[in-house]
Amino acid sequence: MREHWSSSTGLANARRTRLIIALMVLFVLWWVLLGKLEREIQRAEEQSVNMVLSQLRSALVIKGSEAMLGRDTTLTELEGQNPFGWLEHRWQAYTGLCSATGPEPGQWCFTVKQQKETGEKAKGWLIYNPKQPITINGKAVKASQPVAWVVTTEFADRNRNNLREQNERLTGLKLEPVPITETTVNRQDARHE
């Protein structure tokens, strides 16, 4: 009888040990899978942001060319404008003008720097708020840390000092990253409400 009891206890212990090992293996696989899934989500968001920036840069080339060939507007008049308005494609991630709190994570918006009552076209920044830590144009950005760009002019920098002088002509439009802080965005939005 004692022999039967010890063999059933040993069998039960072996089953528990196998169950614990199987659960540990499943946990490790689950952990690895979650890490891989997180990296893929980050990569997808980075590709999405890069695709939008690429489309916007293409729109800037076209709009800049139109301005240089036409007489309706100049490149300097297009500085600070909203490039999303120049595209026929409408992204769900673009919410239009920014609210006082800025864009939600994973969203784009445009914040206006000047009042519309002046009669001038609204000038401002294009803002993106990442859902998770990603890399945009080689710069690491934290989750929910908005990043901003402004439409500005490119010029033939003959002396390579990165400052436009009167003899250096404008050559087109570009998106220029601008430093942004939460207080800057909120202060500018507050002027329009």
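Quick look at the numbers
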read-out	value
Complete set of residues in region 68-112 that are part of a loop (DSSP other than H, G, I, E, B) and at positive phi	G80, G102, G106
Residue list for region 35-82, filter: more than 21 Å from P105 (Cα to Cα) and of a type in the set (A, V, I, L, M, F, W, C)	A59, L60, V61, I62, A67, M68, L69, L75, L78
The lone exception for E117 - which of (1) assigned to a helix (DSSP H, G or I); (2) acidic (D, E); (3) at pLDDT 85 or above it fails	(3)
Within region 31-49, considering residues that are open to solvent by 90 Å² or more (accessible area, probe 1.4 Å) and not aliphatic (A, V, I, L, M), the one nearest to W91 (Cα to Cα)	Q47
Residue, farthest from E176 (Cα to Cα), within region 50-82, restricted to residues that are surrounded by 14 or more Cβ atoms within 10 Å (Cβ to Cβ) and small (G, A, S)	A67
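The values are calculated or read from the model by the stated rules, or taken from the named source; none is laboratory data. Predicted model, so just to flag it, every value in this text is computed and none were measured. Because the Cβ atoms are built from the backbone with ideal geometry, glycine has one as well, and the counts that use them run over all protein chains shown. Note: areas computed on protein heavy atoms with side chains; ligands, DNA, RNA excluded. Shrake-Rupley method; radii C 1.70, N 1.55, O 1.52, S 1.80 Å.
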